[in-house]
Every structure is written in C-alpha cells, then in structure tokens.
Amino acid sequence: MKILNPSLPYDNAETTLSWVARLAAFHTGGDLMSFLHDIGIPYGDMLANRKHAIARLCDLTGEDHNLVSSNAISQVSQRRYTFGGHTFASEFLHGTNMMFCPACLVVDDEGGPNPAIQRRGLTIWTIRAVRTCPKHDLPLINRREAVWSDCLREMAIRVPERGPALARLAAGLTPRKPSPLQNYCLDRLRGMAGPAWMDGQGIESAFRATSLLGVVLAFGPRRKLNQLTEDEWDTAGRTGFQYSSRDENGIREALSILQARLSVGKQISRSRSGLPMIFGQLYLWLSAPKNGKETGPIRELVREHILDTMEVHPDRVLLGEKVGVRRRHSVHSLATTTATHPTTIRNFLVTSGLIPKHAQKAIDATFDASDGERLVAMMKASVAQIHLPKVLNTTRGQVVQLIEGGILKKISSEKDGQGRQQTAVPLDEVQRFVTALTHDAQKVETAPEGTFGIPETAQIAHVPTTTIVQLLLDGDLTLVYQLAHVPGYGGIRLYPDEVKALAKPRDPRGVIRLKRVPDRLKMSHATVKALIAEKEGGPILPTISLEGLPVVLVEVQMLDAFARNYVGFTSLSRKLSLNSYQLKRKLEAAGVQPIDEPARLRERIYRREDVKNL
C-alpha cells in the first residue's frame, strides 16, 4: 500500500541512496539518515541495497521493486557486490569517494529550486572504470570523503556549489571522450559482448589487468598507484585497452615492449633484472601472496610470456608456481649449466646465429634452452677441421672440398666466427658420413685392376670430388670396393668409367639406377623386373646399359611417361578410396583389362585412359 504522497518518481539511472536522499528532502526537508530512521530502514541495509530494504522502500513509494533492484549495486558478502549480472570486489567501485559531473548537476538544478530534491547521483559514477561523463564528455570530479556521513552520498551536501560556482566547475574541465575501457565496462554491464579475451573473465579482473598494464606502459615500472591522478588513471585505461582488446597477442606485444624498454633504454640485461623493474605494478599485483582478489587469465599469460622470453631458473617460484623446466637460457646461465666459459658460449652462439652479433645484445639475449644445450653438446662432441684428415684417412684438400661442397656440415655456417666452433664438424655427422660412404663397398684385399681412389678417380673422370661422394652416398655406384687394410675415405676404390657415365648422363633430363625405380613408381621390385623384361615389341619400360659395366639405368623421361600413362591396381584403389573387391567389381563392370597378364607383371596395371571415368 502506497504511504508516501505525493510521489517523487525513481530515476533508473540514479543510485538508491540518491533517490532516498531526494525523498528525504522532498517529504521532510531533512537529511537522509533521519528519513531512513523514520521509515524503519537501517542505513547499513540501505547502503548495501539489501533486498528487504529495497522492498520496504518500494512499498512506501509504489515503485516497481524489480526495476529498482535491477538498477542497484547490491552487496552480497563482505566487500563483494553484484550488478548487471556480474559480481566484483569493492575495489571495482569508487568507494566513499564521490564522482560527479558538474554539467549534469547544472541541468538537474534547472529542474527546481531545491538541489537536494533535483540532483541525482548516477549509478555509473560509482563504478571505478567510469571517469568521464558520457553525456557531456567531461572528466568527472572526485570529492574525497571528509566525514563519516559522506558515505551516504548526499549530493547537495557533498557538492555545495550552486549556480555560477557550479558552472565554473564545469567550464574549468578539459573535454574528452570516454575511454574505450570505460565504454567496454559499461557495455558489458548492459549485457553486450566485447573483445574475446576480456569477456572470457570477470569484469573486475579484465578492468584491473587492462588498467595496470596501461599504468606500466604509460608511466613506467616505478610509478606507484597511490601517486596517480584520476586523469592518469584514465590515460592508463586508454593505453592498456589498445593491447588487451587484441586478446593474448596484443598483451604479449605490450609485455615485449616493456622488456625492450629496460634492456635497450637502460642498457640492463633483462635476464638479470628483477621482474618488477620490467613489469612494474602489474607484476606486483599478480605476485602478491596475500592478494585474494581475482586476477583472471592475465597471471598465466604473463607467466607464460616470461618463461617463453626470459631466462628463469627451474627451481624458481614464478607467480605462485614452481617453474620446473627451463625454457630459455642466457649466455651466463648456459655457461653455468654446461661448465663452459661464457666468452666461448657467446662466440659460439653468435656464429651459430642463435644470438645477435652486437656485444650488448648478445649479453642480453635469451634463447631456447634445448637449442642452446644441444649446440653446446654438439660443440663439445665435434671434430676440429684440423683433425678431420686423420679421422677420415684423407688429405686436407679433400676435407676442404667436402666441407665447401656441403657434404660435411660444420656446426656453424658463419663466415666470421671465432674459435673451434667455426672449424669443427659434429662427431655424429662424421660417423654417419663414413658409414654411408662405405655402406655398399665390397671388402677386398687388393684393388681390382682399373680402380682408383676417390681423388684419382676425380682426375681421370674429370668429375668433381663432391659429385663422386654424392653418388656414393646416394648408392648410385654399383662397383665400389673398400681395401680391407685401409680404413675410411682413403680405402675406397672406384671405376672412373662408371663414375663418368653416372655423373654425365646422355639424356639432359637424367637417368637413375634400376634399384631406385620401384620407389619412384611405387611398385614392387618383381613388377619392375617384369616391366623391363624383353618381349615381342620391346619391353614396357626400356632401360640403358653401359658398355663393359654391369649397370642398368632408366631414363627419367621414360619413367615420367610411364607414370602418366599407367597406374597400378593398388595405387588406383587408394586414389578412388575403394577396397580391392569394390575396385575389381567396378573394373569388370566397365570392361577394363590390364595391359598384360597379372601373373607375369606380378600386379594388375591399367592404362590411365581406360580408368579415367571410373
């Protein structure tokens, strides 16, 4: 039943306290506390917007209970509030400080002679993200609490200015548009969607993370939060939103900017600097052990970025969690881990291209821990170029040709490197090379007549050493011998004629050895043997023989022509995604026959022209 009369309508943009203060002035001409006492609502319940307090108020005024409740920021537990479907800590609100737009109050005052009745304290002014009036594009003025009763936010008392004095407050403000962060928070409270990363967490943590990121970006890591003005907080929000609105990639970009500022601007190694010196208040907030406030995904994102870009010892606790596995090394940490002199490490990693050449940048640089440890292990398990002739059993000139030809690969490709790492080959690389070189060789006590070592064969056949070695490594030479009493490279014996024939094929498109044809055609050795067999009209796949040598070759162009014109049953089955039974039925229905008896070819082979419409 409606009791208070006449009515003073509720404005759904104002706080319930603002409405109660206006009701008090309208009905009694007195203050808010006395009015609450008269209507039987404890002021603490009204401050917290408890359900029974709002219900009592609506019963007395006849206003819609649901409307007033939905527009009220209500306390749900100690220092926790809810509004617009979101729950947040009291730090998301301005607290006892009162924000207001003087231009809005000027408009309110024009509605009647009593400011205590006319002035509305808007709900959005209590939200910390709001620092600009979206109606007048003016910064909000902050009136700090002076006495305990200021928490009641009686607008006519907290803002005593009237008329010209109030207008001067508005005129003295520099216009600005609301920040994108303010717009985001207000839109989200109204149920609208925003950037995915920010929407994926609580509104408070999204606002806090964006603001603190902006503080460090805009004012540096040393700036204390209690030194920031309202305008500086607004700047921080604008700055941080440029990056947080672009999700994880944007935030990582911002973190990289902070890292670069320290190591480039201050010439301090970021690997040896305290993390607060890089990430400032953002890091201090995330690392506070007694911080019970929601941090959201920014904590894990910052932690992952640090581990991905900086040297962090595996035993360290980073943002509340032990690191466990090292991801990045610095020159110093890798030198310590591998018991190697830092200068040796730095020079080696520079020549390996893992860190920059510039001296200071090389010191500051971090790199993948596994790559660094692998390279140092390779360096320690390498064979210096000066020792390679003895290890391979050949001359220094042959070693130079093998390295310059790319057959043996040094652990660094830089031309201006220093020290052992510049002229060394990994031991496993040397071992693989010797194994592959002698794999197809037939052991003999005496070299067959007409065979020569690799250097002599190169001179006789007029073929580069590297070409001969590559033929050996590829398995293209069939007549390869290894002297039983001469190890390694020096014991290899070859026929110059075979080398010359394979190194200079008569067809410019090239030839390959018969043993490589099955892999090329994806057919069995038995099928290839049947394809090259002589028959009436000539073999299906012609070959080339070298006079005086047991070498069978196939021209590449012939292989290409065969592959274009013919297809095997197995390959056709895979291409059509049919099993053998389904394909066989399909071929029989189409009347397609193999090119020859399957028993002779050991496979059904068809002309592509015959099966193109299957």
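The values are calculated or read from the model by the stated rules, or taken from the named source; none is laboratory data. Only a predicted model underlies this, so the values are computations on that prediction, with no experimental measurement involved. Positions of Cβ are backbone-derived with ideal geometry, glycine not excepted, and every protein chain shown enters the neighbour counts. The area values use the complete protein model at the heavy-atom level, side chains included, leaving out ligands, DNA and RNA. Shrake-Rupley method; radii C 1.70, N 1.55, O 1.52, S 1.80 Å.
At-a-glance table
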read-out	value
Packing-based ranking, highest mean first, of 66-72, 144-150, 116-122 given that Cβ atoms within 10 Å are counted	116-122, 66-72, 144-150
Where labels lie 7 Å past Cα in the beta-carbon direction, separation of residue 609 and residue 459 in nm	5.6
Extension gain, residue 97 back to residue 577 (0.36 nm per residue minus Cα-Cα distance, nm)	165.5 nm
Directionally averaged projected area (convex hull, Cα atoms, segment 346-406), nm²	5.1
Solvent accessible area, Å² - residue 234, 1.4 Å probe, full protein context	10
Given 322/380; 410/443; 380/410, the pairs whose alpha carbons are separated by over 22 Å	322/380; 410/443
For segment 511-611, diffusion coefficient by Stokes-Einstein and Kirkwood Rh (Cα), 25 °C, 0.890 mPa s, µm²/s	169
Theoretical FRET efficiency, 1/(1+(r/R0)^6), r = Cβ-Cβ of residue 557 and residue 427, R0 51 Å, to 0.05	0.75
Rough spin-label spacing in nm, given labels placed 7 Å along Cα→Cβ, for residue 87 and residue 336	4.4
Whole-Å semi-axes of the chain's equivalent ellipsoid (Cα gyration tensor)	84, 36, 18
Sequence of 346, 493 from largest to smallest accessible area, 1.4 Å probe	346, 493
Approximate shape of segment 99-175 as ellipsoid semi-axes (Cα gyration tensor, √5λ), whole Å, largest first	17, 17, 12
No Cys partner within the rule (Cβ under 4.7 Å), the chain	58, 151, 185
Environment charge of residue 321, counting only residues whose C-beta is closer than 12 Å and scoring Lys/Arg +1, Asp/Glu -1	+2
Relative contact order (%) - the chain, alpha-carbon pairs under 8 angstrom, separation at least six	6
Kirkwood Rh, angstrom, segment 290-332 [1 / mean 1/r, Cα pairs]	11.3
R0 of 30 Å, Cβ-Cβ distance residue 449-residue 500: FRET efficiency to nearest 0.05	0.95
Net charge of neighbours whose Cβ lies under 13 Å from the Cβ of residue 234, counting Lys and Arg as +1 and Asp and Glu as -1	+1
Set of aspartates and glutamates near residue 177 by C-alpha distance (under 15 Å), chain-local residues within fewer than 8 positions excluded	137, 230, 231, 232, 234
Proximal charge balance of residue 147 [Cβ under 15 Å; K/R count +1, D/E count -1]	0
Nearest 10 degrees, 0 to 90: helix 276-287 Cα axis against the chain principal axis	70
Sites residue 529 and residue 77, calculated FRET efficiency, Cβ-Cβ separation with R0 51 Å, nearest 0.05	0.05
Translational diffusion coefficient (Stokes-Einstein; Kirkwood radius from C-alpha pairs) of segment 169-322 at 25 °C, 0.890 mPa s, in µm²/s	150
Stretchable slack from residue 253 to residue 144, in nm (0.36 nm times residue separation minus alpha-carbon distance)	35.6 nm
Potential extension, residue 168-residue 300 segment - 0.36 nm per residue separation minus Cα distance	42.7 nm
Of 51/293; 575/612; 500/522, pairs whose Cα-Cα distance is over 18 Å	51/293; 500/522
Computed helical MRE - 222 nm, the chain, DSSP H runs ≥ 4 contributing -39500 (n - 2.57), nearest 500	-13000 deg cm²/dmol
Principal axis dimensions, largest first and in whole angstrom, of segment 61-217 by Cα	48, 43, 30
Heavy-atom surface of the chain, accessible at 1.4 Å and reported per residue (Å²)	50
Label-zone membership for segment 23-64, site residue 5, 7 angstrom Cα→C-beta point, backbone N under 16 Å	27, 59-63
Under 14 Å from the Cα of residue 586 - aspartates and glutamates, other chains or at least 8 residues apart	610
